[in-house]
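All remarks here apply to the structure that follows.
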Amino acid sequence: MSADWQWDDTLFSGTAAYYGRGRLPYAPGLADALTGALDLDGRGRLLDVGCGPGTVALRLADAFAEVVGLDPDAGMIAEARREAAGQGVAEKASWVRARAEELPAGLGTFTVVTFAQSFHWMDRDLVARTVRGMLRPGGALVHLSDLKAEDRSVAGLPHPPVPYAAMDELVRRYLGPVRRAGRGVLPQGTPGGEAAVFARAGFSGPERLVVPGGQALERTADDVVAGVFSMSFSAPHLFGPRRGDFASDLRALLRKAAPAGRFAERQPSTEIFLWRTAPTGR
């Protein structure tokens, strides 16, 4: 992370309402893959750090007796609560508005802790060490994301691809050439190298799993617009009074790319890294 960038509470401000419609889902076999790899049996506790609107925590709710989602954004926590109620799991799910750096926050210990495309926003060494202390003996840390290096060509599908390059250029025209992040900018993007961080924190591993995607998806123009506004670097508040103009230009771009208002995409595969704590007696 850039040395002069600091997290602030506008990072995902206003994006929560767009997540469910705008973000591509994780691969359909995610819950089954983790249930098998971690021998989940409906007991134990899950902590999802940087939970957003509950995307992963709710996918895994049946595998645990209790799930806890933690996120610093009030809109994300509100969406997660609504989703949990809608899925009938509100009684086993709790949602905590806090930064990961505030852990352990009196939350107790957990069987599994997940980070789903959230770890890069945190003080990673501090959070990794803290989370290791919150895991029960034999517990696991799960770091997951979309698989980056795969062919997701839509050749042969009935609709045009989403014009991501043109959309990115439009965002730059409105917000400038350097990636926005809350009140600051990230010229170098977000950091990688998670393996070294988890190893320093005392985890062993990792075990790598890939849950295959590739399924054909149909997306509407409204879905694509929601996807843009769900991103930190194009969050609605960043456009200020020009938000309406940006949305109009974005929709014009999409009409040009697909006059029928339908786009084709491929479901991303999900890449999972499992990091373990030592079991009891070792």
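Data for the structure
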{"quantity": "Normalised contact order of the chain, rounded percent, pairs of Cα under 8 Å and 6 or more residues apart", "calculated": "28 percent"}
{"quantity": "Accessible area expressed per residue, the stretch 120-235, with surrounding protein chains retained (probe 1.4 Å, Å²)", "calculated": "48 Å²"}
{"quantity": "GNM top mover of Glu150, Glu265, Glu101 - the chain, alpha-carbon springs below 10 Å", "calculated": "Glu150"}
{"quantity": "Label-point separation in nm, Lys92 to Leu253, each point 7 Å along Cα→Cβ", "calculated": "4.2 nm"}
{"quantity": "Dipole of the stretch 194-251, positive end: most advanced residue of Ala247, Gly214, Ala199 [Cβ charges, Cα centre]", "calculated": "Ala199"}
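The values are calculated or read from the model by the stated rules, or taken from the named source; none is laboratory data. Note that this is a predicted model, so its numbers are computed, not measured. A quick note on method: Cβ atoms are made from the backbone with ideal geometry, for glycine too, and the neighbour counts reach across all protein chains shown. Protein only, heavy atoms only, side chains kept; ligands, DNA and RNA dropped before computing areas. Shrake-Rupley method; radii C 1.70, N 1.55, O 1.52, S 1.80 Å.
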